[in-house]
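To start, the structure itself, in structure tokens.
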Amino acid sequence: MKTKKILIFSLIILILVLGIAWFFYMLPARLARNNKNAGKIYKVNLFLGWVPGVWIILLIVALVSEEVDR
């Protein structure tokens, strides 16, 4: 019974950590929602965001690029 509780607790922690990691991984795409290059930033982030240099460049582009007028 104790091992079952430990397993459930471990799975909950794993899901929480993966969710937080996914949030930070996709942070440039979230910040670029209203930018004119949002689609490009999202695609590059999805496929190449695991490279730290690319992720930092995408974060900078998401923060400084022009927003779409609505």
Restricting attention to segment 1-32, which residues are touching a helix residue (DSSP H, G or I) at 6+ places or on another chain (Cβ under 9 Å) and either open to solvent by less than 60 Å² (accessible area, probe 1.4 Å) or farther than 25 Å from I60 by Cα (or both)?
-> Y25, M26, L27, P28, A29, A32
Cβ pairs under 9 Å, 6+ apart or interchain, first in segment 1-25 and among the aromatic types (F, W, Y), second open to solvent by less than 100 Å² (accessible area, probe 1.4 Å) and not in a helix (DSSP H, G or I), ordered by first then second residue, are Y25/G49
When you scan segment 58-70, how many residues do you find that are more than 15 Å from M26 (Cβ to Cβ) and either modelled with pLDDT under 90 or surrounded by 15 or more Cβ atoms within 10 Å (Cβ to Cβ) (or both)?
-> 6
Answer yes or no as to whether K36 is surrounded by 12 or more Cβ atoms within 10 Å (Cβ to Cβ) and under 17 Å from the mean Cα position of the chain (by Cα).
-> no
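The values are calculated or read from the model by the stated rules, or taken from the named source; none is laboratory data. Just so you know, these numbers come straight off a predicted model, no measurement behind them. With ideal geometry, Cβ positions are generated from the backbone for all residues, glycine too; neighbour counts draw on all protein chains shown. What goes into the accessible areas is simple: the full protein's heavy atoms, side chains included, and nothing from ligands, DNA or RNA. Shrake-Rupley method; radii C 1.70, N 1.55, O 1.52, S 1.80 Å.
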